[in-house]
């Protein structure tokens, strides 16, 4: 028990040190390098042992690797400033990257299910060598715990959609690799070799769920869906704080995500005798406080008088 606690402490210390050293680009690079290493190990051991669950993990890691490549280039592209062709910036490259990653995960899951089902229903040699497979799965779990925790932290600091998707990808790999490790251990002690393809199917279901979640989230962003209800409630609460502080009320609030960037559109209602200069000063203050509160966010603000003859409406 003491040795186990020491092991977790060492892992935590290594993780904390590494987390302080990475930017978006270097975190994406680390993901590529670690996935390359894990793929090579899993492929060699999977082919030598004949284990479909280990080979399925190799396929999963291949999808991780492709996702890491996509993430690397999307992070570079999304960091480019707005230009005449992309006046709203390049943030959606990250959403597109996350959507492709989700599709790769789903494809990997379906392929694993196909291979496992083929082995169950059409037979073949079920006997496998479990020892080296357990070693590789153990290494995979440790490496991916470290790398995914780094990616999660950098994704949170930079609000990066693609890094978050990559981290989710690796976290799914941790869960599935641990499941394969436990399954191989069970096979070693029971000799029930049909557990190998059955474990592969369980792994595939976990992978599929992760891929579907990532694809749905990034698709919502690509289609300019509104921010989650919790985020919208927080933004409403923020604007409520400016009522009776120059702003009479607000309406037509909309908010969306553009990669790591958020965009808010809102209409402010001011007293009809308030000057444009004073209204503009209040809007500047709101934009400044908004950025302080929510980070990488911009606001498009429309101004209207409290009583508008053109709109024929009054807000009480």
Provide 266, 286 in ascending order of the number of other Cβ atoms located within 10 Å of each residue's Cβ, fewest first.
-> 266, 286
Order of 210, 275 under a 10 Å beta carbon neighbour criterion, fewest first | 275, 210
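Please state the relative contact order of region 229-314 as a whole percent: Cα pairs under 8 Å, 6+ residues apart?
In percent, rounded to a whole number, it is 29.
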Order of 52, 201, 112 from fewest to most other C-beta atoms within 10 Å?
-> 201, 52, 112
Once both label points are put 7 Å beyond Cα along the C-beta direction, the residue 253-residue 206 separation in nm becomes 4.0
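Each reported figure results from applying straightforward, stated rules to the coordinates on display, with no laboratory input. Nothing here was measured: the structure is a model prediction, and the numbers come from that model. No Cβ is skipped: glycine too gets one built from the backbone with ideal geometry, and neighbour counts run over all protein chains shown.
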